[in-house]
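*Asks:* Shown below is the structure under consideration.
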Amino acid sequence: MTYKDAGVDIDAGDALVEHIKPLARATDRPGVLGGLGGFGGLFDLKAAGFRDPILVSGTDGVGTKLKVAIEAGIPDTVGIDLVAMCVNDIVVQGAEPLFFLDYYASGRLDVDVGRRVVAGIAEGCRRAGCALIGGETAEMPGMYADGDYDLAGFTVGAAERDELLPRADIAAGDTVLGIASSGPHSNGYSLVRSVVARSGLAYDAPAPFAKTSLGVALLEPTRIYVKQVLGVVRATRAIKGLAHITGGGLPGNVPRCLPAGTRARLDARQWSAAPVFRWLHDVGHVPTDDMLRTFNCGLGMIAVVARDDAARVTKALAETGETVHEIGIVEHAPGDEADCVVEHADSLWRS
């Protein structure tokens, strides 16, 4: 027997690597040394312009949004999601993403699908300004069914020591700004898929909430905030803290950038949730508390600023193309833990 008889096609893997090389080269940035093919990726922090850097790293996947991509036959954008979920996590600490590595695994390697997935990863890196300097492709028959694939990613960024976030001066009276999401991003898709099953719709059917198919609408990629947010952080010096709204929603993520003994009080009447959230809520009869803890509910990122800086930071973010709202305040709270409460949340599901 050969390795190919056992289900692993080395030639297919080599062919995919040849497709990946130009995609990776297109993401090069200052600091990258060498190219694909070595056992490790090299990066020169000095060449990237840092004087006193602190490294910040993050890793994540795409979750069961991959099942939507697989069943809809649309693998082109989940790579953007993969990059987004990693780089958005480190930008909230004031870090500039420098490079990215991916892990792509399948039961049987389909070179065309793999190429389309990695093209999405390269596009995500381009949007984030980081370089795709390496990765791993694994063909594992028996571990994954034919047609299934999995993704994981890892990014490393850097921030100057004196520019790390959150800052220590976040305090009661500060303003909370909300930056709009592009949809559910890459969280809550086990619930999304259950709602789709309840609806009886196929992924190629028209979406009830968008002018496209249901599959395309649900695969809208996660918004990458890196260049916009970092630019405003550096230009205004006014953003005290940031939170990436992922699994756990607003209640689970906003407190991660707040000091102990404070609470963010948010007013849901100050922003709008995209129609997809209303559809999920209505068709799935999903309780509001579950919606808030599962989805971003229209806000992919929040920023904390001093009250006097709120207007100019809002203006600066809007000038980058972001949709921004003043959504609440930071206040004192009892106890030693930070907290977040969302008032009038039911208004998000009303047309």
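The values are calculated or read from the model by the stated rules, or taken from the named source; none is laboratory data. What you are looking at is a predicted structure, and each value in this text was computed from that prediction instead of being measured. Cβ coordinates were reconstructed from backbone atoms using ideal geometry, including for glycine residues, and neighbour counts include every protein chain displayed. With ligands, DNA and RNA removed, areas are computed over all heavy atoms of the protein, side chains included. Shrake-Rupley method; radii C 1.70, N 1.55, O 1.52, S 1.80 Å.
*Asks:* In debye to the nearest 20, how big a dipole does the chain give about its Cα centre with +1 on each Lys and Arg Cβ and -1 on each Asp and Glu Cβ?
*Replies:* Values: 33 positive and 45 negative charges, 174 e Å.
Computed about the Cα centre, the dipole is about 840 debye.
*Asks:* Determine the calculated [θ] at 222 nm for the chain from helices alone, applying -39500 (n - 2.57) to every DSSP H run no shorter than 4 residues and normalising by the residue count; nearest 500 deg cm²/dmol.
*Replies:* -10000 deg cm²/dmol
*Asks:* Among D28, D267, what's the order by accessible area (1.4 angstrom probe), most exposed first? It would help to have the intermediate numbers written out before the result.
*Replies:* Details: D28 90, D267 30 Å².
In descending accessible area the options line up as D28, D267.
*Asks:* Angle, helix 78-91 long axis vs. longest principal axis of the chain, Cα atoms, 0 to 90°, nearest 10?
*Replies:* Approximately 40 degrees, to the nearest ten.
*Asks:* Separate question: Can you grab the distance from the C-alpha centre of segment 106-132 to the C-alpha centre of segment 57-99, Å, no decimals?
*Replies:* 11 Å
*Asks:* Of H344, H185, H281, which has the most accessible area and how do the rest follow, probe 1.4 Å? Can you show the working numbers first?
*Replies:* Details: H344 90, H185 0, H281 40 Å².
Reading off the accessible areas and sorting them downward yields H344, H281, H185.
*Asks:* A further question follows. Starting at the first residue of segment 243-254, write each ³J(HN,Hα) from the Karplus equation 6.51 cos²θ - 1.76 cosθ + 1.60 with θ = phi - 60°, in whole Hz, x for Gly and Pro.
*Replies:* After applying 6.51 cos²θ - 1.76 cosθ + 1.60, I find 9, 8, 8, 10, x, x, x, 4, x, x, 10, 4 Hz.
*Asks:* Here's another thing I want to ask about it. So if the hydrodynamic radius of segment 15-172 is defined as the Kirkwood radius over C-alpha pairs, what does Stokes-Einstein give as its diffusion coefficient at 4 °C and 1.567 mPa s, in µm² per second? Provide the component values of the computation, followed by the final result.
*Replies:* Values: Rh = 16.3 Å.
Answer from the Stokes-Einstein relation: 80 µm²/s.
*Asks:* Let me ask something additional. How large is the accessible surface of K227 in square angstrom, using a 1.4 angstrom probe and rounding to the nearest 10?
*Replies:* My reading of the accessible area for K227 is about 120 Å².
*Asks:* About its Cα centre, how strong a charge dipole does segment 1-111 have in debye, to the nearest 20, once Lys and Arg get +1 and Asp and Glu get -1 at the Cβ? Before the final figure, lay out the partial values.
*Replies:* Working: 9 positive and 16 negative charges, 49 e Å.
The calculation lands at about 240 debye.
*Asks:* If you don't mind, another one. Whose amide H sits under 5 Å from the amide H of D9, counting only residues 5 or more places off or on another chain, with H placed in the peptide plane?
*Replies:* Residues meeting the criterion, in which the H sits 1.01 Å from N, are L109.
*Asks:* Quick check on the chain: of the DSSP beta bridges with both residues there, what percent are antiparallel, nearest 5%?
*Replies:* Details: 43 of 57 bridges.
DSSP beta bridges in the chain are roughly 75 percent antiparallel.
*Asks:* Identify, among L214, G188, I170, the residue whose Cα sits farthest towards the positive end of the charge dipole of segment 156-221, taking +1 on the Cβ of Lys and Arg and -1 on the Cβ of Asp and Glu, with the dipole about the Cα centre.
*Replies:* L214
*Asks:* Here is a further query. Put +1 on the Cβ of each Lys and Arg and -1 on the Cβ of each Asp and Glu in the chain; which of F39, G153, I224 then has its Cα farthest toward the positive end of the dipole?
*Replies:* Final value for the positive-end residue is I224.
*Asks:* Computed over the Cα atoms, what is the radius of gyration of segment 237-351 divided by 2.2 N^0.38 Å, N being its residue count?
*Replies:* On the way: Rg = 14.3 Å, N = 115, 2.2 N^0.38 = 13.4 Å.
The value comes to 1.07.
*Asks:* Still on this structure, please answer the following. Between segment 273-351 and segment 169-229, what is the C-alpha centre distance in whole Å?
*Replies:* Spelled out, the Cα-based centre of one part sits 13 Å from the other.
*Asks:* Below 8 Å between Cα atoms, with a sequence gap of 6+, how large is the relative contact order for segment 198-345 in percent? Intermediate results must be reported in sequence, preceding the final value.
*Replies:* Values: 218 pairs, mean separation 52.3, N = 148.
Normalised by residue count, the contact order of segment 198-345 is 35 percent.
*Asks:* List the residues whose amide H sits under 5 Å from the amide H of L299, counting only those 5 or more places along or on another chain, with H placed 1.01 Å from N in the peptide plane.
*Replies:* S181
*Asks:* Okay, next question. Check D174: other-chain or 5+ apart residues with amide H under 5 Å from its amide H, H built from backbone geometry?
*Replies:* Residues meeting the criterion, in which the H sits 1.01 Å from N, are V330.
*Asks:* Going toward the positive end of the dipole of the chain, with +1 on Lys and Arg Cβ and -1 on Asp and Glu Cβ, which of C125, V8, Y144 do you reach last?
*Replies:* The residue sitting farthest along the positive end of the dipole is C125.
*Asks:* Put one equal scatterer on each alpha carbon of the chain, apply the Debye formula with no solvent term, and list log10 I(q)/I(0) at q = 0.10, 0.11 1/Å to two decimals.
*Replies:* Scattering profile of the chain, log10 relative to I(0): -0.64, -0.76.
*Asks:* If contacts are Cα pairs under 8 angstrom and at least 6 residues apart, what is the relative contact order of segment 27-169 in percent? List each step's numbers first, then the result.
*Replies:* Values: 281 pairs, mean separation 53.0, N = 143.
About 37 percent, as a whole number.
*Asks:* A further question follows. With the other protein chains left in place, how much accessible area per residue, in square angstrom, belongs to the chain at a 1.4 angstrom probe? Walk me through the numbers before you get to the answer.
*Replies:* Details: 15320 Å² over 351 residues.
I get 44 Å² per residue for the chain.
*Asks:* Further, regarding this structure: For segment 1-107, what % of the accessible area comes from carbon and sulfur atoms, probe 1.4 Å? List each step's numbers first, then the result.
*Replies:* Details: 2830 of 5060 Å².
Here carbon and sulfur together make up 56 percent of the probe-accessible area.
*Asks:* Per residue of segment 38-51, what does 6.51 cos²θ - 1.76 cosθ + 1.60 with θ = phi - 60° give for ³J(HN,Hα)? Whole Hz please, x for Gly and Pro, Karplus curve as stated.
*Replies:* Calculated HN-Hα couplings, in order: x, 7, x, x, 10, 8, 9, 5, 5, 5, 7, x, 8, 9 Hz.
*Asks:* Each residue of segment 158-173 in order: what ³J(HN,Hα) in whole Hz does its phi give by Karplus 6.51 cos²θ - 1.76 cosθ + 1.60, θ = phi - 60°, with x for Gly and Pro?
*Replies:* 9, 9, 5, 3, 8, 10, 5, 10, x, 6, 7, 9, 5, 8, 3, x
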